[in-house]
Amino acid sequence: MNESRFRSLLREAIGNEPSPAWLATSVRSRLQAPPTRSIPTHLMVAVATMAVLLGGVVGLQWLAAGRTPVVGPAATPSTSPSPNLVMVDPTNCRLPVMVERGAGPPSQLSTQVGFVNTMTGRYTRAAVSLAGLPRSEPYGWPGTPSPIVYSPAVKRWLPIVQVELAPDGLSYLWTRTLPVGVPYPKYTSEELHRYDIAGAIDHLVWTYRGDFAIQRWNANGILVDAGPVRSQTVSWWLIDPTTGAAVRTAGPKYTFPAFKPPPGDPTMNLGSIGADAYGYAVWQIRDPDRPGTLNWVFYETAPGQRVTIYRGKTGDAIDFNPRDALTDSTGIWFDSFDTQSVFHWQQNAGLRKVVVTGLPSRLPGANSYIDVTPKGACF
């Protein structure tokens, strides 16, 4: 099962709720388990935290006359921590992307990866080798591993999701359930591994009697939620990626279930499409089936204190239809479903659109679409 197939299956399961591109491997394994089993409460929280918490001369274009970026009226400046030390100009860099082509049922999918020149909008397909790279391999996950995330630090595509990549891009996390090959819910433990890419050295970091889902990896450590297999309880742990020391901690703030829409908020299709550099969930209020209704993308720095990324109407000229958000040192990158475009948002600069050219042709069939999704930091 590749990343695109997984995303489509998840969308089928939860309806219109967008699926973040950085869902943790443990969550994936539960979604592939036999349909007769019940999902542990702590895994539901993990899913909800992330799923309620990624033309040839047009090129890069500002979204209003006079090269004025489009910003929501409620936008307020704030600083964001920079995951990288290298300064990157988002208007002139190479953005790793996955191109997903679909038509009809979810089984009709075709994916490839490459890079978008954010100055010209031109897409170039990448040659990929995943040889020698370990990956999380839950039971029953068939097929060849797929390239999902690109690390500019090692100049390589990796068979992981974004949340598993180290802040410096030099190593990544993968997990293994024990006993190896035993299906859910019969396995008893799970291992957390850190793989140093350049040195090709694997490190066993942590072993937990139960199972866990990786939520975030930043300068503070690796944040996971964990509990007994098939459990009604959940705990949060912060793990040192070098020593494996683990301490109990509080869960993320301003995400599910802490987020409570204030009175007067529209109730249509509220969901999260990713997170900013601080871990605040990026929310979207939108009804794709009702053109002209509110399309609002924002995050909260405290309950009710919102930073608006975009506020407009569904189906307007900007055609901003994000399902995934990815944060790097330059700001937040968004896909925009079936618009053959990516968007970039930065404090004090606003929202900017990159129309992508050089994409493969659409697949034949009903409901054909092309989605261009950011899959790594721009460099």
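Since every read-out is calculated from the coordinates, none of them should be taken as a lab result. These numbers were taken from a predicted model, which means no experiment stands behind them.
Express in whole angstrom the spacing between the alpha-carbon centres of segment 267-293 and segment 350-379. Between the Cα centre of segment 267-293 and that of segment 350-379, the gap is 20 Å. In the structure shown, do any of Lys155/Lys353; Lys155/Lys375; Lys260/Lys313 have a Cα-Cα gap over 21 Å, and if so which? Checking Cα-Cα distances, Lys155/Lys353; Lys260/Lys313 exceed 21 Å.
Our coupling estimate for segment 371-379, obtained by passing each phi through the Karplus curve with A = 6.51, B = -1.76, C = 1.60 and θ = phi - 60°, is 10, 10, 10, x, 9, x, 5, 6, 9 Hz, Gly and Pro reported as x.
For Arg209 and Asp316, the difference between the fully extended length at 0.36 nm per residue and the C-alpha to C-alpha distance is 33.4 nm.
Mind checking the log10 I(q)/I(0) for segment 121-236 at q = 0.11, 0.18 Å⁻¹? Debye, one equal scatterer per Cα, no solvent, two decimals. Ignoring solvent entirely, the Cα scatterers give -0.40, -0.99.
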